[in-house]
Amino acid sequence: MTTIQDRPLSGLLPGLSVAYGRPHRDGAVLDLFTSWARRTPDAPALIDGGLTLSYAELDRLADGIAGQLAGRVRPGDLVGLCLDHSAALVAATVAVARIGAVHLPLGPRPGERRLRAVAEQLRPACLIGDPALLPPAHRDGRHHPVTAPGATGIVAAFAESADGAGTDGAEAVRAPRGTQYTVLTSGSTGLPKAVAVGQTALGALLTWYRELTGLGPGDRHSLLIGVSFDPHLMELWAGLTSGAALCVAPEAVRWDPAALTDWWRTAGITVGVLPTPLAEPVLDRPWPADLPLRHLTVGGDRLRRTPGPDVTATVHNAYGPAEATVTTTVHSMAPGAEHGAGAPPIGRPVPGAIVLVADENGRPLPRGEAGELRIGGQGLAIGYLDAGLTAERFVSAPDDLDGTDRVYRTGDRVLMRADGVLEFLGRLDDQVKVSGVRIEPAEVEAALERDPRVRRAAVIARPAPVGGAQLLAFAQPVTEGGPVDGAELLAAVRPWLPEQAVPSVLRLVDGFPLDANGKIDRAALLKAEEAEAQQGAERSVGSGADGAATPTERTLLRICAGLLGRSDLDPSDNFLDAGGTSVTAARLLAALEEEFGVRLKAPVLLRQPDLRAVARLVDERRPGAAAG
């Protein structure tokens, strides 16, 4: 049988929608970090504001944490990291790998109830984080302080008894042999799915990424992607396995494109990764001169624009689900070239990857016909930590597909052009992406229906006014128990969900329209919502924005209504509670600068209790405002 290695470099099968990446090169992960710690012990490994750790210092810090975990955590055990970007996060990641355990990145704010459900479902051997934020079994268990520069109150918390069983007597879930890390993706049952990714798959990905970007000693790589989002593992380990320095992004730059590019310059960032929703506002602005950035990889959602001729970095539009180790295809756009208008393609497979566009029976389609993207090859995850889910999504490859015996069904609708380049067309199922994170509306519905005040819920995605998707929730309250407030329901559901899955709008309904099959007619719900929003917009225009007392308040309400897709805003509304996100906050900052000549910082904007306070702040800082 012909193998991937025997394929020509083009890796294309004429006529059919099948493409092979170049032969991949295996690569180490932990061993490469250890090698750099020995070869360049004094080189900077991590820079976080005024804190710099050398490779030798980071190595010793990781050793100390590994020593605290050893004997309590076995190879294959899950260790959840409830930490934000920090020295503690990076050192703990290395420590977990050093003892052969499996890294489960959860982030600093996974949601109280969601974290508790994950802990009960997966029963990790250890959670590392602030004990006040951990679920009861770990909060009340045995704690070992984790000592790291800049970290206070962080502990390694163990909930299991001495024999390794959980507090309820159940065995902790163990990952398959060879697993490097596990990440959570949205699940339609209301509980997240855990994807196990192997050491060899991550090592091959990092080898490709280092070759793509030329990352090496002397470079500075950003550490910015959300900790629970799997590209975070690529940027973290790419820096540590290349001899480069990881630079922790300040919180403000994740909300503000201008602050981000300023930070790139002052921190000397040469290689970086951005989620698509943040990359697009950056590419919309004039590209700052003299940036040291050479390579920028963008992913997580559909990129709707190409870089302009002023962009001096090579921009890589990357595509890949967590089930295929972060990146499966890439389309690179060199600086100064003409890349056309509209959305760029998602490109060709990375080394070791096999992609095919399949019909309903899993057979490759002719090029030019749209179908489901299926992925095989080196980058496939081991599977989910649930055999049934693995069998459902990781299926047998077509008999005549060389080089892989299984493929992952992405649920994404794509088209392969005659030249073998893939174009992304959308989803085949109900799954959507919000701010770059895959969300199952059914998970959000299940979270809402956990509330005893909700009889039934429906969640619908619609295009957001600033691009991407926006979640709308409709909840039917129970008839008993008195009136229900939509804002209270949203507040109650937040602890169950990742930030991106919290609906922007929640409407209370007396009942749901049904289609001919007796299912909720979501199209009718959305149509009614849009009609109500249009009427509200007309009323607002006629009344000069209800409740707005000043011209600045009226302008601010108009801007926010457009950004959030809401016509019912009031000056007393809080921007975040009204559905604001990091993406819309960045757009709002840019709009305020254009409209009023006022440059606000994201933390200042987000500290304001309501929109009226934002308007007052704008008036105080407008050019020519009286000093006071």
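The values are calculated or read from the model by the stated rules, or taken from the named source; none is laboratory data. All values reported here derive from a predicted model rather than from experimental measurement. Every residue, glycine among them, receives a Cβ derived from its backbone with ideal geometry; neighbour counts consider all protein chains shown. Ligands, DNA and RNA are stripped out before the accessible areas are found, and what is left, the full protein with its side chains, is counted by its heavy atoms. Shrake-Rupley method; radii C 1.70, N 1.55, O 1.52, S 1.80 Å.
Taking residues in the stretch 204-227 that are more than 15 Å from residue 246 (Cα to Cα) and free of Cβ contacts under 8 Å to residues at least 60 places away in the same chain, and partners anywhere that are part of a loop (DSSP other than H, G, I, E, B) and open to solvent by less than 20 Å² (accessible area, probe 1.4 Å), not one pair has Cβ atoms closer than 8 Å while being at least 6 places apart or on different chains.
Considering only the stretch 36-47, how many residues are under 17 Å from residue 218 (Cβ atoms), part of a helix (DSSP H, G or I) and either of a type in the set (S, T, N, Q) or open to solvent by 50 Å² or more (accessible area, probe 1.4 Å) (or both)?
Qualifying residue count, the stretch 36-47: 1.
Of everything in the stretch 591-606 that is out of contact with any Phe, Trp or Tyr (no Cβ under 8 Å at 6 or more places or on another chain) and buried (at least 17 other Cβ atoms within 10 Å of the Cβ), the residue that is farthest from residue 621 (Cα to Cα) is 591. Among the residues of the stretch 575-605, the ones that are closer than 19 Å to residue 554 by Cα and either in a helix (DSSP H, G or I) or in contact with a Cys (Cβ under 6 Å, 6 or more places away or on another chain) (or both) come to 13 in all. Pairs linking a residue in the stretch 420-448 that is aromatic (Phe, Trp, Tyr) to a residue that is open to solvent by 30 Å² or more (accessible area, probe 1.4 Å), with Cβ atoms under 7 Å and 6 or more positions apart or on different chains, are 424/302. The residues of the stretch 410-429 that are in contact with an Asp or Glu (Cβ under 7 Å, 6 or more places away or on another chain), surrounded by fewer than 18 Cβ atoms within 10 Å (Cβ to Cβ) and under 18 Å from residue 321 (Cα atoms), listed by number, are 411, 413, 427, 428. Yes or no: the stretch 337-359 includes at least one residue that is open to solvent by less than 10 Å² (accessible area, probe 1.4 Å) and over 30 Å from residue 399 (Cβ atoms). Taking every residue of the stretch 337-359 in turn, none turns out to be open to solvent by less than 10 Å² (accessible area, probe 1.4 Å) and over 30 Å from residue 399 (Cβ atoms).
Across the stretch 377-410, the number of residues qualifying as modelled with pLDDT under 95 and at positive phi comes to 1. When the stretch 59-86 is filtered for residues that are under 21 Å from the mean Cα position of the chain (by Cα), among the small types (Gly, Ala, Ser) and open to solvent by less than 10 Å² (accessible area, probe 1.4 Å), only 80 remains. When the stretch 471-487 is filtered for residues that are at pLDDT below 85 and either open to solvent by 20 Å² or more (accessible area, probe 1.4 Å) or in a loop (DSSP other than H, G, I, E, B) (or both), the ones remaining, listed by number, are 478, 479, 480, 481, 482, 483, 484, 485, 487. Within the stretch 579-601, the set of residues being under 22 Å from residue 469 (Cβ atoms), of a type outside the set (Lys, Arg) and in contact (Cβ under 8 Å) with a residue 40 or more places away in the chain comprises 579, 581, 582, 583, 584, 585, 586, 589, 590.
Please work out if residue 609 is touching a Gly at 6+ places or on another chain (Cβ under 9 Å) and either open to solvent by 50 Å² or more (accessible area, probe 1.4 Å) or part of a helix (DSSP H, G or I) (or both). No; evaluated as a whole, the condition is false for this residue.
Of the listed requirements (1) open to solvent by 30 Å² or more (accessible area, probe 1.4 Å); (2) part of a helix (DSSP H, G or I), residue 443 misses just one: (1).
If we scan the stretch 91-100, do we find a residue that is in contact (Cβ under 8 Å) with a residue 60 or more places away in the chain, in contact with a Ser or Thr (Cβ under 6 Å, 6 or more places away or on another chain), within 27 Å of residue 171 (Cα to Cα) and among the aliphatic types (A, V, I, L, M)? The answer is no, given that none of the residues of the stretch 91-100 is in contact (Cβ under 8 Å) with a residue 60 or more places away in the chain, in contact with a Ser or Thr (Cβ under 6 Å, 6 or more places away or on another chain), within 27 Å of residue 171 (Cα to Cα) and among the aliphatic types (A, V, I, L, M).
Could you say which residue among 276, 261, 297 is modelled with pLDDT of 95 or more, polar (S, T, N, Q), over 21 Å from residue 599 (Cβ atoms) and out of contact with any Phe, Trp or Tyr (no Cβ under 7 Å at 6 or more places or on another chain)? So that I can check it myself, show each step before the final result.
Details: 276 fails: modelled with pLDDT of 95 or more; 261 fails: over 21 Å from residue 599 (Cβ atoms).
Only one candidate qualifies: 297.
Of the candidates 151, 132, 92, the single residue that is among the aliphatic types (A, V, I, L, M) and crowded, with 24+ Cβ neighbours inside 10 Å is 92.
One line per residue, one yes/no per condition, for (1) over 21 Å from the mean Cα position of the chain (by Cα); (2) without any contact (Cβ under 8 Å) to a residue 60 or more places away in the chain; (3) in a strand (DSSP E or B); (4) surrounded by fewer than 24 Cβ atoms within 10 Å (Cβ to Cβ):
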residue: 253; (1), (2), (3), (4): no, yes, no, yes
residue: 261; (1), (2), (3), (4): no, yes, no, yes
residue: 291; (1), (2), (3), (4): yes, yes, no, yes
residue: 303; (1), (2), (3), (4): no, yes, no, no
residue: 307; (1), (2), (3), (4): yes, yes, no, no
residue: 310; (1), (2), (3), (4): yes, yes, no, yes
residue: 317; (1), (2), (3), (4): no, yes, yes, no
